[in-house]
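Please read the structure below before turning to the comments.
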Amino acid sequence: MHKSEWSLISFTLLSQMSVGLLLGLVFTHFVHPSIFSQLDTGFSYRSPELIMLSLVVMATLISFLHLGNPLHSFNALNNLNGSWISREILMLSVFGLSLLILFLNKHINLPESALLIIGGLSGILLIFSMARIYMIPTIPVWNNFYTPFSFIFSALIFGSMGMLSLILLTNPNTVYSNYIQQITLMGMTIIFVNLLVSVLHFYKLTRLEFTGLLQLKFNKGNYFLIFILRMILMGVILAGLIYIFQQAINPNFIIEESRILIIIISFIIMIEELMGRYLFYKGFFRLGV
Amino acid sequence: MKRLAFYFDSSNCSGCKTCQVACKDKNNLAAGSLWRKVYEVSGGEWIQKNKAWIPNIYAYNVSLSCNHCEDPICLKNCPTNAIVKRPDGIVMIEQHKCIGCKYCSWVCPYGAPQFDEEKGVMGKCDLCADYIDQGKNPTCVDACPTRSLDFGDYDDLAKKYKEVDHIYPLPDPEITKPSILIKPHKDAQMAKEINPEVANMEEIKHA
């Protein structure tokens, strides 16, 4: 893999992490406002606004590493009519701006619900534009349902685990049994569906007709090995989430009891998502020459 | 609107790569970068006839650069509008706008746009637009010792040569409607049927 693809892997994962966390916050704000009000704000390492903003700033800075000539980057919005890259950059700017306003909101006092909705919508549009960039008719591996699916599911799994981690950081000894059940149920569903769809997608890849000069053999070598490892990790994550879900059924459950398990699962999710995105770029081949 | 195009006679090409070298020289390309590439296609197998094994093999060359497509997928997808089409149909990269995101090289099914490591921007065949503006031929056309390359308006070339726009290993021309006409080598038909491969991938894959 070319070194510039590592910057794309980092950019897509970090920005999806930020969008996922915001979607988690939107859910918490509207469904569990009492939990939302307990979360930190401002310059605190536990403040979700600061974490999301940092992630999106990091993603943006890393994205410049992919460019051969970052000094020309002011031209990147020139083709909003036809290019999904231009649209992605626009949506990234809107999303970043909404996070900045959200972060500064205690000084500005704009309606928080509206800001969260705008941020969430721009985040979803960012992921959609990001996925559309790769849905190119000349690249059959990417030009299918799996691209938007995997991008949005990455955001959602990061969002679920992000919210669990935030609760762990903020109020580990408070009883949030119902909330944790809902979050883990969402995580379990995402991982389970992702596992099934990934296997289906892999099966389709192995049956792709030979259409390019440098076509990869998907059912052999490192690609296959990493795919299998990723599926095993997904199974481990699913088992871990099921365990936390079962624990959380107890009405007196406090998240502190599952601290180590949540840290381990979060770490495995990072590795699994990194593998998934690596495979995504590794699978690249183009029709023709 | 004019549509300048290349004509390539695969049945006549010896695979000497003078076109490739002339292009590289004219455009002062760095090592590893080729705006015109010659693909050496070969394949076939041994077949048994009675008690004898007979070679049923083939080989031909395809010289290919940017095809200045009628519907250029690179132009449509460039975020900076750095890829433009002149009124005569030449598709060019305005390097002062290019951010070097390499997206055009991902999408082009002919592998035409290539990254210039030194400048940090993309580059590709511009049909020697400067020569054309002076009334000269593209350098590859003039350099070809077997006169296997020609250029001109697509409709004029189509009347003159009445050839096809698709042989192995080129992609389906419907994707971008390339401005190229090819006279196929007699063995190109076999490539459709018997395990074709490009024999010089090592030479051209990084280019």
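Just a few scattered comments:
- Identity of the residue in the stretch A:217-230, in contact with a helix residue (DSSP H, G or I) (Cβ under 7 Å, 6 or more places away or on another chain) and surrounded by fewer than 17 Cβ atoms within 10 Å (Cβ to Cβ), that ends up farthest from the other protein chains (Cβ to nearest Cβ): A:229
- Qualifying positions in the stretch A:129-138 - among the hydrophobic types (A, V, I, L, M, F, W, C) and surrounded by 17 or more Cβ atoms within 10 Å (Cβ to Cβ): A:130, A:131, A:133, A:136
- Residues of the stretch A:105-122 satisfying the condition of being surrounded by fewer than 15 Cβ atoms within 10 Å (Cβ to Cβ) and aliphatic (A, V, I, L, M): A:108, A:110, A:114
- Of the residues making up the stretch B:77-106, those that are charged (D, E, K, R) and over 20 Å from the mean Cα position of the chain (by Cα) number 2.
- Taking the listed residues A:197, A:193, the one that is in contact with a helix residue (DSSP H, G or I) (Cβ under 8 Å, 6 or more places away or on another chain) and surrounded by fewer than 15 Cβ atoms within 10 Å (Cβ to Cβ) is A:193, with no other qualifying.
- Checked against the criterion of being in contact (Cβ under 8 Å) with a residue 60 or more places away in the chain and of a type outside the set (Ser, Thr, Tyr), the stretch A:85-92 contains one or more residues that satisfy it.
- Within the stretch B:156-192, being under 21 Å from residue B:90 (Cα atoms), assigned to a loop (DSSP other than H, G, I, E, B) and of a type outside the set (Asp, Glu) holds for B:166, B:170, B:171, B:173, B:175, B:176, B:177, B:178, B:179.
- Exclusive hit being assigned to a helix (DSSP H, G or I) and out of contact with any Leu (no Cβ under 7 Å at 6 or more places or on another chain), set A:25, A:50: A:50
- Hey, residue A:158 over 16 Å from residue A:39 (Cβ atoms) and surrounded by 23 or more Cβ atoms within 10 Å (Cβ to Cβ) or not: yes
- All of (1) surrounded by fewer than 16 Cβ atoms within 10 Å (Cβ to Cβ); (2) modelled with pLDDT under 90; (3) under 30 Å from residue B:72 (Cβ atoms) hold for residue A:213 with one exception: (1).
- Checked against the criterion of being free of Cβ contacts under 8 Å to residues at least 24 places away in the same chain, of a type in the set (A, V, I, L, M, F, W, C) and more than 14 Å from chain A (Cβ to nearest Cβ), the stretch B:22-39 contains one or more residues that satisfy it.
- Residue check, residue A:73 part of a helix (DSSP H, G or I), of a type outside the set (Asp, Glu), surrounded by fewer than 20 Cβ atoms within 10 Å (Cβ to Cβ) and within 14 Å of chain B (Cβ to nearest Cβ): yes
- Among (1) buried (at least 22 other Cβ atoms within 10 Å of the Cβ); (2) part of a helix (DSSP H, G or I) - the single one residue A:141 does not satisfy: (2)
- Residues in the stretch A:260-288 that are among the aromatic types (Phe, Trp, Tyr) and within 14 Å of another protein chain (Cβ to nearest Cβ) were compared, and the one that is farthest from residue B:107 (Cα to Cα) is A:280.
- Residue within the stretch A:122-130 that is within 14 Å of chain B (Cβ to nearest Cβ) and not hydroxyl-bearing (Ser, Thr, Tyr) present: yes
- Looking only at the stretch A:231-241, and only at residues there that are in contact (Cβ under 8 Å) with a residue 40 or more places away in the chain and surrounded by 16 or more Cβ atoms within 10 Å (Cβ to Cβ), the one that is farthest from residue A:282 (Cα to Cα): A:241
The values are calculated or read from the model by the stated rules, or taken from the named source; none is laboratory data. Source: prediction; values computed, not measured. No Cβ is skipped: glycine too gets one built from the backbone with ideal geometry, and neighbour counts run over all protein chains shown.
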